[in-house]
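Worksheet: the structure to be examined is printed underneath.
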Amino acid sequence: MLERAGRIGKKILISGGGRCNFTNLNCRPENFISANPHFAKSALAAYSPTDFIQLVEKHHIRYHEKTLGQLFCDGSAHNIVSMLESECRQAGVRIFTNVAVESTEYKDDFAVLAGKEEFNAKALVIATGGLSIPKMGATSFGYELARHFGLKIIQTRPALVPLLFTAQDRQHYGVLTGISAEVVTTTGKQSFREKMLFTHRGLSGPAILQISSYWEPGTSVSIDLAPGRDFTAPIRNGGRRDLSTLKSAFREILPQRMADRWLDLHGPATWTNHELLKLEHHAHNWIIKPEGTEGYEKAEVTAGGIDTDELSSRTMESRIIPGLYFIGEVVDVTGQLGGFNFQWAWASGFCAGQAV
């Protein structure tokens with residue numbers, strides 16, 4: 001195994017707040033985005049969350065379910081890296097770190113050149129990740145190598161990434177930095193009910209990271225600030241009709257500063273039931289048109305990648321170059337937030353490993 005960084009597993013170590021959200025009990029093909037939504041099915045069936053959990057338990061790593069099927073280490077993400085290192089040792093895998101690959105050629109077998117070293121093999125597995133978090137060493141190497149061998153690439157983009165406000169929205173909502181609330185975010189036919197966080201540049205938190213993977217530039221995101229609630233009903237049904245009463249009702253759902261600021265900007269023109277119903281609808285369908293995203297620097301994953309039409313769904317092997325495999329994030333299979341991308345890494349890696 002040739003590792004560009006000085007140590008293996010750097011992205012594992014920072015994941016899940018340092019505790020590694022290593023899989024998700026509810027993993028299904030529907031939790032993944034790809035130009036071919038059926039591609040991941042075979043690998044996910046071949047190596048399930050249960051299989052990885054058995055490996056974790058074999059190494060006596062304690063873990064817990066947080067929310068929505070997300071599994072985390074009780075201790076540290078170092079446990080997962082140590083487990084993988086141990087499995088490599090048992091399998092006789094040699095790990096070389098600080099290896100800067102300069103070129104890769106293929107004739108009868110693969111020749112990988114790195115400085116004065118040359119590595120030769122009948123099979124070459126590319127597990128280089130995507131463009132996300134460049135400070136951790138992410139590069140375009142995997143995509144460049146794929147192009148070198150003639151494979152097509154689906155346009156890459158940041159995913160699971162904070163969204164940016166327009167200048168006007170920053171002016172309106174910048175004072176709410178650090179405030180969070182449970183909301184439902186929607187774009188197209190996709191919705192997520194989770195926490196949303198205001199930042200000094202826009203919106204983040206799980207609900208936003210999730211919807212960002214489905215958001216397209218130039219389109220809007222709808223945010224339901226009061227899911228399942230009808231906060232103006234008591235006022236419409238005979239309560240006092242003034243801003244103070246309305247704010248009190250909204251504060252039962254949202255943090256005070258957020259409720260007050262939103263109503264200061266979007267309060268009703270009059271106190272008729274018609275206007276209150278318009279306000280209620282607006283609170284359940286607050287439309288934000290993001291200026292963009294925070295980019296790969298803040299993205300947790302890269303969407304797009306090696307076109308799955310180029311690969312076998314059973315083995316991850318290239319259809320045009322025998323012995324060449326692509327696994328994990330570099331492939332056009334992107335998971336939702338919550339351990340799905342790790343499960344795709346384990347599953348696709350397992351399939352390639354069985355084949356080589």
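The values are calculated or read from the model by the stated rules, or taken from the named source; none is laboratory data. The model shown is predicted, which means the values in this text are computed figures rather than measured ones. Cβ sites come from the backbone with ideal geometry, for glycine too, and all protein chains shown count toward neighbours. In case anyone asks, the SASA skips ligands and DNA or RNA and just uses the protein heavy atoms, side chains included. Shrake-Rupley method; radii C 1.70, N 1.55, O 1.52, S 1.80 Å.
Looking at segment 180-188, is at least one residue part of a loop (DSSP other than H, G, I, E, B), within 20 Å of the chain's Cα centre (by Cα) and at pLDDT 95 or above? Give the steps one after another, and end with the answer.
If we filter segment 180-188 for residues that are part of a loop (DSSP other than H, G, I, E, B), which is where we start, we get 188.
When the remaining residues are screened for being within 20 Å of the chain's Cα centre (by Cα), the result is 188.
From the residues that got through so far, the ones that are at pLDDT 95 or above too are 188.
Within segment 180-188, one or more residues are part of a loop (DSSP other than H, G, I, E, B), within 20 Å of the chain's Cα centre (by Cα) and at pLDDT 95 or above.
With respect to the numbered conditions (1) open to solvent by 20 Å² or more (accessible area, probe 1.4 Å); (2) more than 18 Å from the chain's Cα centre (by Cα), which one is the sole condition not fulfilled by L131?
Among (1) open to solvent by 20 Å² or more (accessible area, probe 1.4 Å); (2) more than 18 Å from the chain's Cα centre (by Cα), L131 violates only (2).
Can S212 be described as surrounded by fewer than 17 Cβ atoms within 10 Å (Cβ to Cβ), touching a Ser or Thr at 6+ places or on another chain (Cβ under 8 Å) and either in contact (Cβ under 8 Å) with a residue 40 or more places away in the chain or under 25 Å from G305 (Cα atoms) (or both)? Please lay out each step first, then the result.
Numbers: surrounded by fewer than 17 Cβ atoms within 10 Å (Cβ to Cβ): no; touching a Ser or Thr at 6+ places or on another chain (Cβ under 8 Å): yes; either in contact (Cβ under 8 Å) with a residue 40 or more places away in the chain or under 25 Å from G305 (Cα atoms) (or both): yes.
Judged against the criteria, S212 is not a match.
Which residue out of A352, A269, A283 is at pLDDT below 95 and aliphatic (A, V, I, L, M)?
The unique qualifying residue is A269.
Could you tell me which residue of segment 235-271 is farthest from the chain's Cα centre (by Cα), considering only residues that are β-branched (V, I, T) and crowded, with 17+ Cβ neighbours inside 10 Å? Walk me through it before giving the result.
Initial filter on segment 235-271 (β-branched (V, I, T)): 235, 245, 253, 270.
Still in the list and also crowded, with 17+ Cβ neighbours inside 10 Å: 235, 253.
Values: I235: 41, I253: 28 Å.
Looking at the filtered set, the residue picked out is I235.
Residues being in contact with a helix residue (DSSP H, G or I) (Cβ under 6 Å, 6 or more places away or on another chain) and open to solvent by 20 Å² or more (accessible area, probe 1.4 Å): count how many of those fall in segment 297-316.
3
Taking only segment 259-278 into account, find how many residues are small (G, A, S) and part of a loop (DSSP other than H, G, I, E, B).
The initial filter retains those residues of segment 259-278 that are small (G, A, S), namely 259, 267, 269.
Those left that are additionally part of a loop (DSSP other than H, G, I, E, B): 267, 269.
Total meeting the criteria: 2.
Could you list, in sequence order, the residues of segment 300-356 that are in a strand (DSSP E or B), under 22 Å from the mean Cα position of the chain (by Cα) and not β-branched (V, I, T)?
Taking segment 300-356 and keeping what is in a strand (DSSP E or B), we get 301-306, 311, 317-318, 324-326, 331, 334-335.
With under 22 Å from the mean Cα position of the chain (by Cα) added as a condition, the list becomes 301-306, 326, 331, 334-335.
Result: A303, G304, G305, F326, G335.
Please go through segment 193-209 and give me each residue that is part of a strand (DSSP E or B), touching a residue at least 24 places away in the same chain (Cβ under 8 Å) and touching a strand residue (DSSP E or B) at 6+ places or on another chain (Cβ under 6 Å), ordered by number.
If the condition is that a residue be part of a strand (DSSP E or B), touching a residue at least 24 places away in the same chain (Cβ under 8 Å) and touching a strand residue (DSSP E or B) at 6+ places or on another chain (Cβ under 6 Å), then R193, M196, G202, L203, S204 are the ones that fit.
Can you tell me which of A138, A111 is free of Cβ contacts under 8 Å to residues at least 24 places away in the same chain and either among the small types (G, A, S) or more than 27 Å from T156 (Cα to Cα) (or both)? Give the derivation first.
Values: A138 fails: free of Cβ contacts under 8 Å to residues at least 24 places away in the same chain.
Residue meeting the stated conditions: A111.
Out of the residues in segment 81-110 that are open to solvent by 60 Å² or more (accessible area, probe 1.4 Å) and part of a strand (DSSP E or B), which is farthest from G6 (Cα to Cα)?
Across segment 81-110, the extreme among qualifying residues is Y106.
Taking segment 134-157 as the region of interest, how many residues are open to solvent by less than 30 Å² (accessible area, probe 1.4 Å), at pLDDT 95 or above and part of a loop (DSSP other than H, G, I, E, B)?
2
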